[in-house]
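**Q** Sharing a structure with you now.
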Amino acid sequence: MNMKLKRITALLLAIALQLALLAGGIPSALAEGAPQIPGLTFVAETPLEYAQGFRLYRYEGEYTLISVENGGNFLVVPEDGQVPQGLDNGITVLQQPLDRIYLAATSAMSLFAAVDAVDHIRLTGTRASGWYIDAAVEAMNAGTILFAGKYSEPDYELMIGQDCDLAIESTMIYHTPKVKEMIEALEIPVLVDRSSYEPHPLGRTEWIKLYAVLVDREEAAEAFFDSQAAVIRELENFQSTGKTVAFFAVNSDGSVVIRKPTDYIPKMIALAGGRYAFEDLVTDQSATSISITMENFYATAADADVLIYNASISEPISTIDELLAKDALFADFKGVREGNVWCTGKTFYQATDIVGEMIRDIHLALTGGDESQMTFLTRVS
């Protein structure tokens, strides 16, 4: 314990200096082509079917280079492997085993659970009450996963005391860059999950292959992903209904949050046989979600056949009165008049492993199917 306290003291004293020296800016772009690594022989690039936000390059000796778009490059070194000499400064070393992970990216938990690797996570940025993944709730209740503060205010001393070996963050960490720099100053690598930027829903799920490399569950990840891809391929047979869908939430200030047309949500709607109401929206914003005025939302979505309220970023609604309390203008929307308003469950965003279920739910909403078969959507009446 004394050694650990000394480490904490020494590192905290050095943080102020290191923060001043660390560069801010945007991380490196996606590595196209396997980087040359001294002492390692490149073998092959892992083929990806849908994911566009990362690459996996394999080298002899069970080494893997992970390249994340706008998130840097990481060399996964096997437990008994040696770190290559003369490694480029732009490559972060991840020495296995990685079994004391701080997970702040909630969408990744279901992927760890899908390959039975939740035991590699020791710390999380979400309390037990905020998890909708059974394995995460059980682990927190058992004390095998500890709450270490949310992404913007992590418990640095707990991270050090628990020998945290990797922090997996969502892109929200870029809103608090000093936190990311602080974690790195503590010699804890930071990997940013960008799965929410994938344009295809299966692109999100395919991030399971990246996490599988970290925890040696690659065969399980391949099998799981193939099973989910098969589900989506079956859904691709849905015929177009010609109906439009608005997917949204309302902020406390009255503005409306929608998704960019290049996001995975509009792709889900298309696969379900619908058309995203904002498919022609032009924006130069990099974020996947966009806030617009209620007036602008009305101009495009008032005639949408189906309204889906996104409760993953807002409190769920169960009645039309709750929707009208947010803005009386909703009374004029076609979806409200015709009783075709739905609300997602709070579990939706975290359920990266079963994206096919949401597509099926949207299809049922579009076609008047059996509501009892829905996983994520409930009717707002």
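The values are calculated or read from the model by the stated rules, or taken from the named source; none is laboratory data. This is a predicted model, so every value here is computed, not measured. When we count neighbours, we look across all protein chains shown, and the Cβ atoms used for this are built from the backbone with ideal geometry, even at glycine.
**Q** Could you pull out the residue among ALA148, ALA136, ALA167 that is over 25 Å from GLY53 (Cα atoms), under 18 Å from the mean Cα position of the chain (by Cα), crowded, with 22+ Cβ neighbours inside 10 Å and in the same structural domain as ALA212 (by TED's automatic domain parsing)?
**A** That would be ALA136, the only listed residue that is over 25 Å from GLY53 (Cα atoms), under 18 Å from the mean Cα position of the chain (by Cα), crowded, with 22+ Cβ neighbours inside 10 Å and in the same structural domain as ALA212 (by TED's automatic domain parsing).
**Q** What are the residues in the stretch 32-53 that are within 23 Å of the chain's Cα centre (by Cα) and within 18 Å of GLN96 (Cβ to Cβ), if any?
**A** Result: THR46, single match.
**Q** Can you confirm whether the stretch 93-101 contains a residue that is within 25 Å of GLU181 (Cβ to Cβ) and either of a type in the set (Ser, Thr, Tyr) or without any contact (Cβ under 8 Å) to a residue 40 or more places away in the chain (or both)?
**A** Scanning the stretch 93-101, I find no residue that is within 25 Å of GLU181 (Cβ to Cβ) and either of a type in the set (Ser, Thr, Tyr) or without any contact (Cβ under 8 Å) to a residue 40 or more places away in the chain (or both), so the answer is no.
**Q** Can you work out which of the residues in the stretch 60-69 that are touching a residue at least 24 places away in the same chain (Cβ under 8 Å) and more than 16 Å from the chain's Cα centre (by Cα) is surrounded by the fewest Cβ atoms within 10 Å (Cβ to Cβ)?
**A** Here the answer is THR64.
**Q** Shifting gears a bit: Just the residues that are in contact (Cβ under 8 Å) with a residue 24 or more places away in the chain and over 22 Å from THR92 (Cβ atoms), please, taken from the stretch 131-151.
**A** Hits for the stretch 131-151 are TRP131, TYR132, ILE133, ALA135, ALA136, THR144, ILE145, LEU146, PHE147, GLY149, LYS150.
**Q** Please enumerate the residues belonging to the stretch 258-278 that are β-branched (Val, Ile, Thr) and buried (at least 18 other Cβ atoms within 10 Å of the Cβ).
**A** Matches in the stretch 258-278: ILE258, ILE265, ILE269.
**Q** Follow-up. Within the stretch 214-247, take every residue that is over 16 Å from ILE359 (Cα atoms) and of a type in the set (Phe, Trp, Tyr) and give me the one that is nearest to the chain's Cα centre (by Cα).
**A** PHE225
**Q** Filter the stretch 234-289 down to the residues that are outside any loop (DSSP other than H, G, I, E, B) and polar (S, T, N, Q), then identify the one that is modelled with the highest pLDDT.
**A** Filtering first and then ranking leaves THR244.
**Q** For the stretch 303-379, which fully contained strands (runs of 3 or more DSSP E) count at least 3 residues that are surrounded by 22 or more Cβ atoms within 10 Å (Cβ to Cβ) and in the same structural domain as LYS267 (by TED's automatic domain parsing)?
**A** Answer list for the stretch 303-379: 306-309, 341-344.
**Q** A further question on this structure: Checking PHE224 against (1) in contact (Cβ under 8 Å) with a residue 40 or more places away in the chain; (2) more than 27 Å from GLU79 (Cβ to Cβ); (3) assigned to a helix (DSSP H, G or I): exactly one of these is not met. Which one?
**A** It is condition (2) that PHE224 fails.
**Q** Here's another thing I want to ask about it. Inspect all residues belonging to the stretch 52-75 and state whether any of them is in contact with a His (Cβ under 7 Å, 6 or more places away or on another chain) and on the phi < 0 side of the Ramachandran plot.
**A** Scanning the stretch 52-75, I find no residue that is in contact with a His (Cβ under 7 Å, 6 or more places away or on another chain) and on the phi < 0 side of the Ramachandran plot, so the answer is no.
**Q** Tell me which residues, restricted to the stretch 222-262, are β-branched (Val, Ile, Thr), in contact with a Leu (Cβ under 8 Å, 6 or more places away or on another chain) and closer than 28 Å to LEU210 by Cα.
**A** Correct list: ILE232 only.
**Q** Would you mention how many residues in the stretch 115-138 are under 22 Å from ILE208 (Cα atoms) and either polar (S, T, N, Q) or touching a Ser or Thr at 6+ places or on another chain (Cβ under 9 Å) (or both)?
**A** Of the residues in the stretch 115-138, 15 are under 22 Å from ILE208 (Cα atoms) and either polar (S, T, N, Q) or touching a Ser or Thr at 6+ places or on another chain (Cβ under 9 Å) (or both).
**Q** I need every pair where a residue in the stretch 367-381 that is within 18 Å of LEU271 (Cα to Cα) has its Cβ under 8 Å from the Cβ of a residue that is assigned to a loop (DSSP other than H, G, I, E, B) and of a type in the set (Phe, Trp, Tyr), sequence separation at least 6 or different chains.
**A** Matching pairs, first to second residue: PHE376/PHE348.
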